[in-house]
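Attaching a single structure in structure tokens format; questions to follow.
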Amino acid sequence: MANKHVNAIVIGAGAGGGVVAKELATAGLSVLLIERGRWHTFDEHGDDELTSQRTFPLKCGYGPDNEHNWRMASDGKGGWIKVFPNDWAYGNNAACVGSGTVSYGAMAWRFQPADFHLKTKYGAVPGSTLDDWPLTYDELEPFYEKAEYELGVSGDPTNDPFVPPRKNPYPMPAFSFNSEGIILEKAAKRLGLHPFPIPMLRNSVPYNGRPACIRMRTCVGFACPVNAKAGTQNTVIPVALKTGNCELRINCMVSEIIVDDKGKARGINYFDADNKLQEQTSDLVVVSASASETARLLLNSKSSLFPKGAGNNNGWVGRNIQDHAYTGAYGLFADKVYDDVGPGACIAVNDFNHRMPDIIGGGVLCNEFIRMPYQFSSIRPSGSRMWGKDHKDFQKLNFKRHIAVHGPVQEMPVFDKMVEVDPVVKDFWGIPVVRISGFRHDNDIKVGRLLADKAEEWLKEAGAVQTWKSVPGKGSTPSQHQSGTCRMGNDPKTSVTNRYGQLHEIDNIFVADGSLHVNNGGYNPALTILALGYWVGGHIAEMWKGTHMK
Amino acid sequence: MINQSFSRREFVRLVTGGTAAVLISFNTACKNKISRWRYLQEEEIGLLDAIVEQIIPTDDFPGGKWANVSNYIDKQLDTYYINHQVEYRDGLAAFEKTVIQLKSKKFEELPFPEQTAILEKMEGGDFPGEYWKAHSPAGFFDMIRQHSMQGFYGSPVHGGNREYISYHMLGLDYPNVIGQNRYNDLSWRKYNPNSVENGK
């Protein structure tokens with residue numbers, strides 16, 4: 001039996017797709033939201049660290065699974081090796097209803113206004129495709145606000161002189177600092193820095209029918225047991241479904257966007273929950289499958305006018321993949337600094353984001369989420385014994401006496417750091433798999449080292465008796481912060497979509513996820529992906545009113 | 001299931017799904033008379049116990065052996081780590097032979113400090129390689145080391161960390177009873193940007 005034609009197919013029920021589905025469904029379009037994963041709950045996973053989305057030696061609890069999904073990764077010697085979702089070289093992002101917004105740490109950052117015009121600010125950077133966004137911070141500001149109010153953000157920018165300009169306050173008050181935060185706040189002030197509470201997509205008070213946070217130790221990497229953490233799965237997706245205009249189809253893997261000989265998308269092919277190939281037609285298609293999987297799907301959607309994949313005649317789909325060059329330091333303290341008040345991360349400084357002389361970019365510095373016992377077993381100064389009595393002593397002595405300060409260094413986009421589809425290897429369904437290659441720009445390493453110094457300085461001022469740094473290397477596999485593979489831009493020669501996420505080459509295919517980012521900011525990207533969801537979704541709804549995309 | 005010809009992939013899926021895992025344990029048990037274990041043999045467990053006890057030794061808290069780390073590893077070899085089975089079988093055998101060649105005794109029978117010295121050499125790559133096939137002694141040791149950390153510090157649902165012993169050792173409430181583990185009101189204090197604590 002043929003599937004009923006819909007106005008819009010939205011592929012991927014994560015941050016971008018969840019929001020777009022809601023925007024379109026409430027505007028009256030018939031929407032199919034299609035997701036390769038399924039619903040997850042805290043009860044299914046509990047507080048099991050070994051299958052969380054943070055440390056996943058056994059499996060990625062929130063998907064993707066190892067039985068259907070694999071990729072090829074560079075072996076560093078010119079060859080390729082097969083990797084599975086719970087290998088670090090795979091670069092996983094959760095595959096479920098809500099995707100990363102189920103299991104993330106929920107930091108709710110707006111990018112800095114400067115992030116939208118980096119090339120203007122810093123000039124061209126050799127070896128990088130750095131460019132300005134085709135939209136400004138001011139244009140995106142109302143959409144940031146919409147994300148903050150519809151999903152729910154707790155924050156207070158009073159003490160942050162570098163906060164991106166906002167028209168209205170956060171909808172909920174900020175979280176208090178845990179004991180790490182209190183210690184770090186005093187030290188930061190002594191150093192002349194400007195500490196403030198991290199804005200969080202997490203309820204500090206009851207909001208939108210969901211309760212306040214109970215401050216679990218297991219937050220990042222886990223679902224929330226009380227739904228205090230906002231994801232698309234407990235906010236906008238239920239709203240979309242309630243309209244009656246949106247169907248959510250889970251456990252369905254999209255293999256291809258069907259593009260006809262006139263260069264229009266006519267729908268998709270996908271494998272349903274029983275692994276049976278199905279066709280679904282639509283008036284338009286929105287791809288929100290994450291930077292790597294969105295690029296993969298476009299590259300796998302070959303047609304007579306687009307033999308290199310949908311929207312890829314200029315060869316830019318899959319290029320410029322970015323993540324964050326995480327950097328920072330650990331400090332050991334003489335006294336206990338741990339109070340078991342989750343999620344741990346609570347305090348930040350913006351002083352090193354675009355504010356270091358002669359330095360391009362930068363990043364926010366925050367205290368880390370709680371390091372769980374297994375994760376902590378690998379956190380040691382270099383040269384430490386990794387087993388035996390010394391290792392166990394360290395674990396006992398320092399679990400409650402250490403603080404980590406880390407930050408996401410903004411990566412310079414590199415054209416040859418990219419997602420391709422493998423010419424040979426196929427996944428469980430026979431769909432060509434992702435392969436990722438390329439190296440970070442030298443600037444990322446330089447800034448990473450500098451920021452690690454700042455983190456170490458902060459910890460020393462806070463009274464750390466021993467400190468050590470962790471700095472980024474050249475190799476990386478973009479995972480939960482992946483972005484940049486379908487860059488938006490005004491010039492069709494050097495970008496994949498226009499400023500509204502619409503493919504330059506195929507006007508009824510849109511992208512709405514981190515793929516659009518021209519750069520990835522010095523912050524966790526979730527709120528920006530959500531804001532772009534509102535931006536793209538709102539624009540599609542407007543266009544629909546006029547032409548019905550015919 | 002109607003289709004009887006499983007592909008290997010489906011087989012693995014089933015195994016990781018748990019149904020066939022029981023079947024395999026049963027088969028293994030039948031072939032080798034009575035075994036408490038799913039994949040490893042009794043003698044292998046004896047050796048593995050001695051190794052995991054070195055990796056996480058007993059002090060004022062129990063070590064890897066008491067915490068059932070070997071059980072954790074055995075359980076994973078039957079499920080998530082099915083692709084490590086051969087590595088364990090060959091690696092443990094090669095390790096045992098090498099130690100006997102060096103010390104004329106089984107590893108388990110050596111004094112604790114001598115065992116430590118052997119593993120230190122193995123970790124550092126300074127270890128006779130003649131009995132080893134596809135895997136290096138150092139790589140084998142690192143695999144057991146990592147799996148031991150998982151078994152000792154991870155959730156007991158996977159067969160290790162008996163009685164949440166590592167959580168007890170670290171002073172963490174266990175199990176983490178949702179919403180019930182808050183003994184002071186620190187976490188409920190409101191953030192006040194103008195408070196003394198917040199620097200003004």
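Give the relative contact order (percent, whole number) for chain A; include only Cα pairs under 8 Å separated by 6+ residues.
Values: 1423 pairs, mean separation 121.1, N = 550.
RCO, chain A: 22 percent.
Same structure again: Can you list residues from other chains, or at least 5 along the same chain, whose modelled amide H is less than 5 Å from the amide H of A:Tyr326?
Under 5 Å from the amide H of A:Tyr326: A:Val409.
Can you tell me how the protein assembly as shown classifies by the Cα gyration tensor, rounded, prolate or oblate, using a/c under 1.5 as the rounded cut? Mind dumping the intermediate values first?
Values: a/c = 1.74, a/b = 1.27, b/c = 1.37.
Oblate, because a/c is 1.5 or more while a/b does not exceed b/c.
If you don't mind, there's one more thing I want to ask. Would you mind checking which residues have amide H under 5 Å from A:Ile347's amide H? H placed 1.01 Å from N; only 5 or more apart, or other chain.
A:Ile198, A:Asn367
Can you list the residues, at least 5 places off or on another chain, whose amide H is less than 5 Å from the amide H of A:Glu256, using H built in the peptide plane?
Amide H neighbours of A:Glu256: A:Asn269.
Treating the angle as unsigned and between 0 and 90°, give the value, to the nearest 10°, between the Cα long axis of helix A:291-300 and the longest Cα principal axis of chain A.
Roughly 20 degrees between the two axes.
If R0 is 41 Å, what FRET efficiency do you get for A:Leu305 and A:Lys77 from their C-beta distance, rounded to 0.05? Show your work: numbers first, answer last.
On the way: r = 38 Å, r/R0 = 0.93.
E(calc), rounded to 0.05, equals 0.60.
Work out the mean other chain Cβ neighbour count within 10 Å for the residues of B:152-162 and drop it here as an integer. Don't skip to the end; give the middle numbers.
On the way: counts 5, 11, 11, 12, 1, 5, 6, 0, 1, 3, 0.
Whole-number average of other-chain Cβ neighbours for B:152-162 is 5.
Applying a 10 Å radius around every beta-carbon, put A:179-185, A:363-369 in order of their mean neighbour count, most first. Walk me through the numbers on the way to the answer.
Details: A:179-185: 23.9, A:363-369: 26.3.
So the peptides A:179-185, A:363-369, ranked by packing, come out A:363-369, A:179-185.
Suppose R0 equals 60 Å; then what is the FRET efficiency for B:Gln101 and A:Glu542 from their Cβ-Cβ distance, rounded to the nearest 0.05? Present the calculation step by step, with values, prior to reporting the outcome.
On the way: r = 78 Å, r/R0 = 1.29.
For R0 = 60 Å, the calculated efficiency reads 0.20.
If you line up the long axis of helix A:526-547 against the longest principal axis of chain A, both from Cα atoms, how many degrees apart are they, to the nearest 10?
With both axes taken from Cα atoms, the answer is about 20 degrees.
Looking only at other chains, what is the average number of their beta-carbon atoms within 10 angstrom of each beta-carbon in A:331-341? Don't jump to the answer; show the numbers that get you there.
Values: counts 0, 0, 0, 0, 0, 1, 0, 3, 3, 9, 6.
Partner-chain Cβ atoms within 10 Å, mean over residues of A:331-341: 2.
Compute the distance in nm between two label points, each set 7 Å from the Cα along the Cα-to-Cβ direction, one at B:Ala117 and one at A:Val205.
About 6.8 nm separates the two model spin labels.
Counting each DSSP H run of 4 or more residues in chain A as -39500 (n - 2.57), what helix-only mean residue ellipticity at 222 nm follows after dividing by all residues, to the nearest 500 deg cm²/dmol? Write down the numbers at each step before the final one.
Numbers: 12 runs with 122 residues, N = 550.
Calculated at 222 nm, the ellipticity per residue is -6500 deg cm²/dmol.
What is the antiparallel percent of DSSP beta bridges lying wholly in the protein assembly as shown, to the nearest 5? Don't skip to the end; give the middle numbers.
Values: 49 of 69 bridges.
Counting DSSP beta bridges with both partners in the protein assembly as shown, the antiparallel share is about 70 percent.
Another question, if that's okay. Just tell me how shielded A:189-198 is by partners: mean number of partner chain Cβ atoms within 10 Å of each residue's Cβ, no decimals.
Details: counts 3, 1, 0, 0, 0, 1, 2, 3, 3, 0.
Counting other chains' Cβ atoms within 10 Å and averaging over A:189-198 gives 1.
Moving on. Cross-link partners among lysines for B:Lys75, C-alpha distance below 20 Å, same-chain residues fewer than 8 apart left out?
Output for B:Lys75: A:Lys59, B:Lys31, B:Lys33, B:Lys65.
Sticking with this structure for a sec: Highest mean first, what order results for A:75-85, B:135-145 on Cβ atoms within 10 Å?
Values: A:75-85: 13.5, B:135-145: 18.6.
Peptide ranking by packing, descending: B:135-145, A:75-85.
If R₀ is 60 angstrom, what is the calculated FRET efficiency for the pair A:Asn251 and A:Asn314, using the beta carbon separation as r and rounding to 0.05?
Values: r = 35 Å, r/R0 = 0.58.
The computed FRET efficiency comes out at 0.95.
Which angle from 0 to 90°, rounded to the nearest 10, does the C-alpha axis of helix A:442-461 make with the longest principal axis of chain A?
40
How do B:102-112, A:194-204 rank on mean C-beta neighbours within 10 Å, highest first? Don't skip to the answer; put the middle values down first.
Numbers: B:102-112: 13.7, A:194-204: 25.0.
Highest mean packing first, the order is A:194-204, B:102-112.
Right, another one. Between A:Lys446 and A:Phe415, with labels modelled 7 Å along Cα→Cβ, what's the label distance in nm to one decimal, could you check?
2.1
Coordinate-derived values only; no laboratory data. As the structure is a computational prediction, the values presented were derived from the model and not from experiment. Backbone-built Cβ (ideal geometry, glycine too); neighbour counts: all protein chains shown.
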